[in-house]
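**Q** So that we are looking at the same thing, I have put the structure below in C-alpha cells.
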Amino acid sequence: MKCPFCRTDNDRVIDSRACQDGFSIRRRRQCLKCKRRYTTFERIEESTIKVVKRDGTRVPFTRDKIKHGLERACWKRPISDRDIERTVSAIENDVYTSFDLEIESRRLGELVMEHLRDLDEVAFVRFASVYRQFADAGDFVDEIRPLLAKGNNHPR
C-alpha cells in the first residue's frame, strides 16, 4: 500500500476491524517513512454477477451504480450518507446471497425499490418514476396509492 502523503510503499498496520457491512475490513496504517497515519478499506472480491439488461446485454454488477442511483433519488432529502451506504450494502448483500451468476435489471430495480420504500417514501417515488418510466400523473398516483393506504404517521 502506498502512503497517500509521501507515496512510499512501506507501512505498518496499526489496527484492523471488520466493518458493519460484513464485507470489508478497515485498517489504520502508519507510513514508516513520513510517520503519518491513514485509513484503508479492503473488500472481499466476490465472483462477478452480471446484470442482464432489457435488450439482453450483460454488464457487471457494480455497487457504485446502485449508490449513484440512490444518491440521486435521495437528493435534498434528510438521509445521511451513512444511511445510503447501509442501504447499498444491504442491496449488495441481497444480490450476492440470492443470485449466483446473473440478475435481470428488472429484478435489481425492484430490489432497490424495496429497500428505498423503507428508507424514504419520496426517494422511492423519485426512483420509481425514472425506473418505471412514468408517462403521466396517473402513473404517480398508482404508485403512491399503496403508500397512502398503509397509513402515514406524518403530521400534515
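No value in this document is a laboratory result; all are computed from the given coordinates. This one's a predicted model, so the numbers in the text were calculated from it and none came from an experiment. Positions of Cβ are backbone-derived with ideal geometry, glycine not excepted, and every protein chain shown enters the neighbour counts.
**Q** Kirkwood hydrodynamic radius (Cα pairs, Å) of segment 1-104?
**A** 16.3
**Q** Still on this structure: Lys50: which lysines have alpha carbons under 25 Å from its alpha carbon, excluding same-chain residues fewer than 8 sequence positions away?
**A** Cross-link targets: Lys65, Lys67.
**Q** Using a Gaussian network model of the chain whose springs link C-alpha atoms within less than 10 Å, name the residue from Phe23, Phe41, Phe127 with the highest mean-square fluctuation.
**A** Phe41
**Q** With axes computed from alpha carbons, what is the tilt in degrees of helix 121-131 against the longest principal axis of the chain, rounded to the nearest 10 within 0 to 90?
**A** 80
**Q** Hey, can you grab everything whose amide H is under 5 Å from the amide H of Ile49? Only 5+ residues off in sequence or another chain; H modelled, so Pro and N-termini drop out.
**A** Phe61
**Q** Filter the GluC sites (Glu not before Pro) in segment 1-84 to those in DSSP coil with at most 14 other Cβ atoms within 10 Å of their Cβ, and list the result.
**A** Glu45, Glu46
**Q** For a quick check of your reading of the filter: which trypsin sites (Lys or Arg not before Pro) in segment 1-103 sit in a DSSP loop and have no more than 11 other Cβ atoms within 10 Å?
**A** Lys2, Arg7, Lys35, Arg54, Lys76
**Q** Calculate how steeply helix 105-119 sits against the longest principal axis of the alpha-carbon atoms of the chain, using the helix alpha-carbon long axis, and give the answer as 0 to 90 degrees to the nearest 10.
**A** That works out to roughly 90 degrees.
**Q** In addition: For segment 19-27, what does the Karplus curve 6.51 cos²θ - 1.76 cosθ + 1.60, with θ = phi - 60°, yield as ³J(HN,Hα) per residue in whole Hz, taken in order and with x for Gly and Pro?
**A** Values per residue, Gly and Pro as x: 7, 5, 6, x, 10, 9, 10, 9, 10 Hz.
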